[in-house]
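The values are calculated or read from the model by the stated rules, or taken from the named source; none is laboratory data. Fair warning: this is a prediction, and the values are worked out from it, not measured in the lab. Glycine gets a Cβ as well: all are built from the backbone with ideal geometry, and neighbour counts include every protein chain shown. Note: areas computed on protein heavy atoms with side chains; ligands, DNA, RNA excluded. Shrake-Rupley method; radii C 1.70, N 1.55, O 1.52, S 1.80 Å.
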Number of protein chains: 2
Amino acid sequence: MQYAVRGPIVTRSLELEKELQSGEKKNFQQVVKCNIGDCHATGQKPITFFRQVIALCSYPPLLDDSKFPEDAKNRARSILAGCAGGSVGSYSISTGVVSIRERISEYIKRRDGIPTNHTNIFLSNGASEAIKAVLLLLSSSQSGSNRVGVMIPTPQYPLYSATLSEYNVYQINYYLDEDNNWDLDIADMERALAESKENCKPRALVVINPGNPTGQVLSRKSMEDIIRFVKRHGLVLLADEVYQFNVYHPEITPWTSFKRVLHDMGPDYADSVELASFMSASKGYMGECGFRGGYCELTNFDPDVQAQLFKYLSARLCPAVLGQVMIGLICDPPRPSEPSYDLYICQRDSVLADLKEKAQLTTGTLNGLEGVTCNAVQGAMYAFPQIRLPSKAVAVAKEKGMEPDFFYCLSLLEEKGICFVPGSGFGQKPGTYHFRTTILPSIPVMRRVMADLEDFHKAFLAKYSI
Amino acid sequence: MQYAVRGPIVTRSLELEKELQSGEKKNFQQVVKCNIGDCHATGQKPITFFRQVIALCSYPPLLDDSKFPEDAKNRARSILAGCAGGSVGSYSISTGVVSIRERISEYIKRRDGIPTNHTNIFLSNGASEAIKAVLLLLSSSQSGSNRVGVMIPTPQYPLYSATLSEYNVYQINYYLDEDNNWDLDIADMERALAESKENCKPRALVVINPGNPTGQVLSRKSMEDIIRFVKRHGLVLLADEVYQFNVYHPEITPWTSFKRVLHDMGPDYADSVELASFMSASKGYMGECGFRGGYCELTNFDPDVQAQLFKYLSARLCPAVLGQVMIGLICDPPRPSEPSYDLYICQRDSVLADLKEKAQLTTGTLNGLEGVTCNAVQGAMYAFPQIRLPSKAVAVAKEKGMEPDFFYCLSLLEEKGICFVPGSGFGQKPGTYHFRTTILPSIPVMRRVMADLEDFHKAFLAKYSI
């Protein structure tokens, strides 16, 4: 099992930091970590309102403190009333605090304009735990050589390949179409599915929208095609929608939930396609990764299957309660009439505006480099450019027993202190090379990263093109 | 997979609560939940110092507030300095924040008087996650019919049976000796191990000390016998030590860590027996279940195996950071020279004194009931009495398709609103019946529970003895 965003390049970056601390001289003063979507680690500040409510829930004597706004206090009182014994130190039920799930249910209803029910929602330690639980559920019917198969995109977020490997589920790879802005390619999905059938019984399809590591936002037409595909083949649709707030050109490429598109396709689809949608507190404009908040909404799941999943969840007792509080607040932020509203909007929009600017800065620089092409970052927090490497660089890498893009990223790290993740960690078409960079460091740092990358890239090409 | 502490009796108790809320008349005004070790749910108050530090870490502007004591502020500053970007909203490394693991390492050193190293400690979402991760690691060598076996006590905490079933690991049951205060019985362990060998390759032994659901504290001699047993058979020792603060008669039955006993047995044992010890923020005097804080310390694990475990942990990114902060604080509470010390000691000792009194009250009442015997609650938070049921009650239960002790507990719930867990949920010798009750409700509530139980028990015997 490999987990690239925490892999050997990252280990080396930690060593480099220690070497810098111990006074070793390098070409750079500090390591810039563009390997992981960890917003606060790059200096992004938390949303004041969310943290005020967390502090009030953690230490309720603050409810008497006039320095806290009334809306934050009201939220905290309402949350504590939903916790056993009025304490965030008690367990919740396994699926999460009911009143928090109700707030999430109301958010989904506002978002999609479709009635929803909190009993189809369960909370989790980050979206990762929910994704793993649903994949375990789907694999529970397999035995011995009767393997279940799950379709995942290439490139993909390594949680999927790692989890399928852990549960011995057959991984069915379909390619995203890089020439078509990483759109899904139904013909390739049909090919992958047909080829898989001698090895497994296909059970589900994973779609990440907005894409990770690829940053595309799917068109409604693509989403409809996918829904028709899963309906045709009797697959469960797993929609990783954790970047639903990270959409930078909603006027051109708006984001729509799979639940909404499913609903709009009429009862033939809306009442039958099994859909699990995942959301996280870790991304968006809030980036509260450390709280491990997340939820999953199930649509059209068989009640017995859903009950089996919820029973499985009871063995981990409950997700961290303050993580539950965080994802609940994200789904129920200050309202226009409330005292915290203006500050909330200002903080939220400032983060999103910066991300939009960094998305443009990054793709602009990358597309200006010789042999590099990068699709627009329409959403999420990553650019995933293709790099055409000189054959000599490929040969040197292979001599060293490294993937060529790993060699490129490692060289960049050693020379400039910039930590990217090689495309081989996410999967890519054979013979193509990529890397993933986040767009999270502050604008001045991101400018420096891009300038350093430009220097490095030119020197790298010069060195290996002779 | 059954998970008794969250099973059908608990589901029925939630229904009863709703019926009461909707105005239905019952013999009782409220349901008393004695089914789960959820301290704050029963009204126990959090330790002020811990919650102050959590609030300060969550909302750092409070660091300028003169209402918070300096030691709480210093702890918060030091914790934030160990978090990437100075925020509890960033991911930590997979094994947990280094400075928190260092504090835990110092606690273990103070406790056992043995040097220790934070690189052998990893943090987890409650002890449950750590236990599951280690069991998964131990099972990773199995394939097809080559099953790994793990020895677990009967009775046991159902996390173990549920997890072994999930990972398809062979469960080797050994009986605790009820006639000998739930001590371990090496002869029965030898029997269980020998019998298992045609079905599996035994790999590890689980011991829970203080015991859950059984409440015993193991003697040093028993611990030495266990260590010799695992050494003789090449087993990994998994020591569930989450109740290490819940010891009510340390002058008679002191608690010692397995690590300490192992060390005292000399290098033949100390340098070779593989030991994993688990600790939690959810129990003890603090009972912070909702934070899902926990740690595991590994001793004598092969470095490659340990590296494999830590790599596996990277797929869940990190445990909830405020849960990490909580378990760190529990291992580094206020010191005698610090301003919060007196209040901390007062709060801690008050909870522990109440638990001690409730342990005595509970076992006293139980042993006074006809046909009921209960070993002393030396530690943990539970009493696990044996109930001898009239044969007519057993027959009626079987007619209803219920385990007899389930029938007893369900009748008690319906008539008195008291929620216990039947012994069948933990495992027991065939033909014996038990239940588990926590000792967590406040002293007045616990007195009422015991009085109601006495009434019920007499009426139950009268009804089924004719």
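Counting only residues 5 or more places away or on other chains, whose amide H sits under 5 Å from the amide H of A:S280 once H atoms are built in the peptide plane?
Under 5 Å from the amide H of A:S280 lie the amide H atoms of A:Y295, each far enough along the sequence or on another chain.
For segment B:53-136, which trypsin sites (Lys or Arg not before Pro) are in a loop by DSSP, counting at most 12 other Cβ atoms within 10 Å?
Working: sites: B:K67, B:K73, B:R75, B:R77, B:R101, B:R103, B:K109, B:R110, B:R111, B:K132; in loops: B:K67.
Passing sites in segment B:53-136 are B:K67.
Treating each Cα of the protein assembly as shown as an identical point scatterer and ignoring solvent, apply the Debye formula and state log10 I(q)/I(0) at q = 0.05 Å⁻¹.
Each listed q maps to, in turn, -0.30.
Please report how far the C-alpha centroid of segment A:310-368 lies from that of segment A:124-200, rounded to the nearest whole angstrom.
When both Cα centres are located, 27 Å separates them.
Placing a label point 7 Å from Cα toward Cβ, how far apart in nm is B:E198 from its equivalents in the other copies, listed shortest first to one decimal?
Spelled out, the distances from B:E198's label point are 4.1 nm.
Which loop GluC sites (Glu not before Pro) in segment A:214-311, with loop taken from DSSP, have no more than 11 other Cβ atoms within 10 angstrom of their Cβ? Display every interim value, and only then the final one.
Values: sites: A:E224, A:E241, A:E251, A:E274, A:E288, A:E297; in loops: A:E241, A:E251, A:E274, A:E288.
Listed in order of number, the matching sites are A:E251.
Quick check on my link table: of B:K45/B:K398; A:K73/A:K283; A:K259/A:K356; A:K33/B:K67, which ones sit more than 31 Å apart, alpha carbon to alpha carbon? Mind dumping the intermediate values first?
Values: B:K45/B:K398 42 Å; A:K73/A:K283 25 Å; A:K259/A:K356 26 Å; A:K33/B:K67 37 Å.
With Cα atoms farther than 31 Å apart: B:K45/B:K398; A:K33/B:K67.
Each residue of segment A:419-436 in order: what ³J(HN,Hα) in whole Hz does its phi give by Karplus 6.51 cos²θ - 1.76 cosθ + 1.60, θ = phi - 60°, with x for Gly and Pro?
Running phi through 6.51 cos²θ - 1.76 cosθ + 1.60 with θ = phi - 60° gives 9, 9, 10, x, x, 4, x, 10, x, 7, 4, x, x, 9, 10, 9, 9, 10 Hz.
Considering the alpha-carbon set of segment A:136-241 alone, what are its Rg and its Dmax in angstrom?
13.1, 39
Sequence gap at least 6, Cα distance under 8 Å: using those rules, report the relative contact order of chain B to the nearest whole percent.
Here the relative contact order equals 22 percent.
Need one number: nm distance between label points at A:K197 and B:K25, each 7 Å from Cα along Cα→Cβ, rounded to one decimal.
Result: 6.5 nm between the two label points.
For chain A, what are Rg and Dmax over the alpha carbons, in angstrom?
Computed over the Cα atoms of chain A, radius of gyration and Dmax are 22.7, 72 Å.
I'd like the carbon and sulfur percentage of the solvent accessible area for chain A, probe radius 1.4 Å, heavy atoms only, ligands and nucleic acids excluded.
Numbers: 8560 of 16990 Å².
That fraction is 50 percent.
Just counting partner chain Cβ atoms within 10 Å, what average do the residues of peptide A:60-66 show around their Cβ? Please report the intermediate quantities before stating the final value.
Details: counts 3, 5, 8, 0, 0, 3, 0.
Mean shielding by partner chains, rounded to a whole number: 3.
Evaluate the Kirkwood expression for the hydrodynamic radius of segment A:16-57, namely the inverse of the mean inverse distance over all pairs of different C-alpha atoms, and round to one decimal in Å. Don't skip to the end; give the middle numbers.
Working: mean 1/r = 0.0760 Å⁻¹.
Hydrodynamic radius (Kirkwood, Cα pairs) of segment A:16-57 is 13.2 Å.
Could you give log10 I(q)/I(0) at q = 0.14, 0.17, 0.21 Å⁻¹ for segment A:184-259, computed by the Debye formula over C-alpha point scatterers of equal weight, without solvent?
For segment A:184-259, the Cα-only Debye profile gives -0.48, -0.68, -0.96.
Out of all DSSP beta bridges with both ends in chain B, state the antiparallel percent to the nearest 5. Walk me through the intermediate numbers first.
Working: 22 of 43 bridges.
Bridges in chain B that DSSP calls antiparallel: roughly 50 percent.
Obtain the radius of gyration and the Kirkwood radius of segment A:78-331 from its C-alpha atoms and give Rg over Rh. Display every interim value, and only then the final one.
Working: Rg = 17.7 Å, Rh = 18.6 Å.
Radius of gyration over Kirkwood radius for segment A:78-331 works out to 0.95.
Need one value: the accessible area of B:S391 in square angstrom, 1.4 angstrom probe, rounded to the nearest 10.
In the full protein context, B:S391 sits at about 100 Å².
Under the definition of partner shielding as Cβ atoms of other protein chains within 10 Å of a residue Cβ, what is the mean value for peptide A:319-328? Show your work: numbers first, answer last.
Values: counts 4, 12, 8, 11, 8, 1, 1, 4, 0, 0.
Mean inter-chain Cβ contacts per residue within 10 Å come to 5.
Give the distance, in whole Å, between the Cα centre of segment A:53-95 and the Cα centre of segment B:401-466.
A separation of 34 Å, based on Cα centres.
Using a label point 7 angstrom from Cα along Cα-to-C-beta, what distances in nm, from shortest up, separate A:N367 from the other copies?
Those separations, rounded to one decimal, come out as 8.2 nm.
Taking the label point 7 Å from Cα in the Cβ direction, how far apart in nm is B:D455 from each other copy of itself, listed shortest first?
Once sorted, the set of distances for B:D455 reads 8.2 nm.
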